[in-house]
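Student: My questions will all concern the structure given below.
The values are calculated or read from the model by the stated rules, or taken from the named source; none is laboratory data. Nothing here was measured: the structure is a model prediction, and the numbers come from that model. FYI the Cβ positions are ideal-geometry reconstructions off the backbone, even for glycines, and counts take in every protein chain you see. Side chains are part of the model used for accessible areas, which takes the heavy atoms of the whole protein and leaves out ligands, DNA and RNA. Shrake-Rupley method; radii C 1.70, N 1.55, O 1.52, S 1.80 Å.
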Amino acid sequence: MSDGIVTSRDQAQDRPEIDDGRYLYCLVDPDQGADLRVEGIDGQSVYLINIGDVAAVVHRCTQIYDDTSIDQLRRRLLTHHNVVDQAGDRFGTPIPLRFHTIIEGDDTAVSEWLRDQQEEITDALSTLDGAWEYRIRLNWDDEALERHVSENSEQLDDLSRRIDQAGAGKKHLLEKECERVRREQVNAYKETVVSDLADDISPDARQVDLADAEETVSLAAGDGDDGSHSQLVVLASCDCESTIGDRLDEFADCETADIQFTGPWAPYSFVPEFGDHNGAK
Amino acid sequence: MEPSKEPEHALVELVDVLLRDGAVIRADIVVTVADVPLIGISLQAAIAGMATMTEYGLLETWDHEVRKSAAGNRA
């Protein structure tokens, strides 16, 4: 390996190999349902490993899924999501696991881990019972944002007047200052809108968080989303869904952003971390 | 406004979530690396939308080190 470039040979040498493993989709409370009939990743048979109070939704695997094309990854992600979704319909709110979580060993290995973590898993299932994740995305219209800020800012008005009256040299500096102020005020306005929206929704939700909009991965074909966006993730019961939607209708008239409301999803953003047999985390 | 749950929305909305969120199991029995899905390096760079060779090189070095560490822990 040189200059940080990894050859395919290096990659193959570091790749974990497994003889027998279990791909984990999610953890559920099996008391609320009997079985689950859904096809897993790459057509694998999905089943439950059940220790009584908790169960893991799994499929048996003898490979890891790192050697893939974008299309294949897209299919596997959707399949993972579909299995978790079906499990949620069957058993109630599941604890969804991160994509590509594979435990080495057979069903006994998974059962042992479930027993070791039973209390934590049961607590998490109880906490999340009846709650689902909703995602609210504000796709900002950057031109409308700048227009709104420019029309409502005395500071930008003043800078504009000074630019008109300035000589060539000073004009350039003032224009740079004007850009900086406009950027700051646009960001402040966006933060205010998002904060007000979160405050408006909070009474009807268990938890409202601002998602990190900087880390965005796109697998959608032809995804040309070049605009900025902000995102809220909401943990709420289905009973509150229409109330939250009503509040978003009030914001839908906002000229500076288009609102997308999706869900209910399994609560990926609100689940805990689990440790090992020794309880280390 | 009613929430949407169409498959196309699932992929756009959840690809970040599926790759980075969800419960993490930090245990020796987990084969895959908890902090990053073991997706092929070139694919990972592509889906992250890395624009520059410099960023691509850095990502590969980091990813290689993480995989090496995981392989060492399992040895």
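Student: Beyond 13 Å, how much of the Cα-Cα pair distribution for segment A:110-173 remains, as a whole percent? Provide the component values of the computation, followed by the final result.
Tutor: Details: 1586 of 2016 pairs.
The proportion of pairs with Cα distances above 13 Å equals 79 percent.
Student: So, one more: Taking segment A:37-103 as the region of interest, what is the percent of Cα-Cα pairs per 10 angstrom bin, listed from the shortest bin to the one with the maximum distance?
Tutor: Bins of 10 Å from zero give 19, 56, 22, 3 percent of pairs.
Student: Something else: Distance in nm between label sites at A:Glu17 and A:Asp209, each 7 Å beyond Cα in the beta-carbon direction?
Tutor: The two pseudo-label positions are separated by 3.8 nm.
Student: Can you give me the Cα centroid spacing of segment A:145-194 and segment A:245-262 in angstrom?
Tutor: 27
Student: For the B and A pair, go ahead and give the buried accessible area with a 1.4 Å probe, both sides summed, in Å² to 100.
Tutor: Numbers: alone 6330 and 16520 Å², together 17470 Å².
Using a 1.4 Å probe on protein heavy atoms, the buried area is about 5400 Å².
Student: Using only the alpha-carbon atoms of segment A:35-184 as identical scatterers, what base-10 log of I(q)/I(0) does the Debye formula give at q = 0.21 Å⁻¹?
Tutor: Calculated log10 I(q)/I(0) at the listed q: -1.35.
Student: Which whole-number percent gives the relative contact order of segment A:98-198, counting Cα pairs below 8 Å spaced six or more residues apart? All intermediate terms of the calculation are to be shown ahead of the outcome.
Tutor: Values: 25 pairs, mean separation 20.4, N = 101.
Computed over segment A:98-198, the figure is 20 percent.
Student: Give, in nm to one decimal, the length gained when the segment between A:Ser111 and A:Ile163 is fully stretched (0.36 nm per residue of separation minus the Cα-Cα distance).
Tutor: 11.6 nm is the gain from fully extending A:Ser111 to A:Ile163.
Student: Separate question: Across the residues of A:90-103, average count of Cβ atoms on other protein chains within 10 Å?
Tutor: Working: counts 0, 0, 0, 0, 1, 2, 6, 5, 14, 11, 10, 10, 6, 6.
Per-residue shielding by partner chains comes out at 5.
Student: Continuing with the same structure: When the accessible area of segment A:21-136 is computed with all protein chains present and a 1.4 Å probe, what percentage of it is carbon and sulfur? All intermediate terms of the calculation are to be shown ahead of the outcome.
Tutor: Values: 1570 of 4410 Å².
Accessible surface attributable to carbon and sulfur in segment A:21-136 totals 36 percent.
Student: Still on this structure, please answer the following. Within 10 Å of each candidate Cβ there may be at most 16 other Cβ atoms; applying that plus a DSSP loop requirement, which GluC sites (Glu not before Pro) in segment A:227-259 survive?
Tutor: Details: sites: A:Glu241, A:Glu250, A:Glu255; in loops: A:Glu255.
Passing sites in segment A:227-259 are A:Glu255.
Student: Let me ask something else about it. From other protein chains only, count the Cβ atoms within 10 Å of every residue's Cβ in A:78-86, then give the mean. List each step's numbers first, then the result.
Tutor: Working: counts 7, 0, 3, 8, 2, 0, 3, 2, 0.
Averaged over the peptide's residues, the number is 3.
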